[in-house]
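Encoded as structure tokens, the structure appears first; notes follow it.
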Amino acid sequence: MEKAKTIAVNVLVIAVVAILLIWGNTWYRQRTQFNRGETALAARDYINAIAGYEAAIHMYTPGSSLVQEAAAKLWAMGDQFERAGDPTRALIAYRSLRSSFYAVRGLNVPGREWVARCDGKIAALVKAQAPGT
């Protein structure tokens, strides 16, 4: 019985360490992608900024503030493009934001409010771009 208990404790410790390593790696990659988005945005390289923020959301880690920050940056970029009269880039930003949250769905569904907001914006922009409107 003692041997079984030792094995169970060892398996539990290994599992916890493995989960922490995976979480840490994902968090590090998320931060790296977010920083790439920030650097690209500062250089006015909007497409690479969108890609960086989108990738940061794809590296979803529960409790990370970077997911919400990246989402807010993508939303702000879409809004900025929309106000500047560039619906094509606005659609890229909003669709990237929406698809990023669709990509990280699992046992929980993060970003529901962002997806709903994006759906409204995307529908309005597509309708405005449709011929005859």
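The values are calculated or read from the model by the stated rules, or taken from the named source; none is laboratory data. Just so it is clear, the structure is predicted and the values come from calculations on it, not from any experiment. Counting neighbours? That spans all protein chains shown, and the Cβs are built from the backbone with ideal geometry, glycine included. Accessible surface areas use protein heavy atoms only, side chains included; no ligands, DNA or RNA. Shrake-Rupley method; radii C 1.70, N 1.55, O 1.52, S 1.80 Å.
Taking other residues whose beta carbon is less than 13 angstrom from the beta carbon of TYR94, and scoring Lys, Arg as +1 and Asp, Glu as -1, yields +1. The angle separating the long axis of helix 46-58 from the principal Cα axis of greatest extent in the chain is about 30 degrees.
Treating r as the C-beta distance of ASP119 and ALA42 and R0 as 35 Å, the FRET efficiency rounds to 0.75. Between LYS127 and ALA76, what is the FRET efficiency for a Förster distance of 35 Å, r being their Cβ-Cβ separation, to the nearest 0.05? The calculated FRET efficiency here is 0.95. For the chain, the mean residue ellipticity at 222 nm estimated from helices alone is -28500 deg cm²/dmol, where every DSSP H run of n ≥ 4 contributes -39500 (n - 2.57) and the total is divided by all residues, rounded to the nearest 500. Using Cα positions and a limit of under 24 Å, work out the lysines in reach of LYS121, with same-chain residues fewer than 8 apart set aside. Here the lysines satisfying the reach criterion relative to LYS121 are LYS73. Per residue, the average separation of C-alpha pairs within less than 8 Å and at least 6 apart gives the chain a relative contact order of 16 percent. Dividing the C-alpha radius of gyration of the chain by 2.2 N^0.38 Å, with N its residue count, gives 1.39. FRET efficiency for the VAL104 to ILE7 pair, using the beta carbon distance and R₀ = 41 Å, is estimated at 0.75. Sites listed here are trypsin sites (Lys or Arg not before Pro) in segment 1-56 whose DSSP assignment is loop and whose Cβ has at most 12 other Cβ atoms within 10 Å: ARG44.
Just the protein heavy atoms count here, and of the accessible area of the chain at 1.4 Å, carbon and sulfur take up 62 percent.
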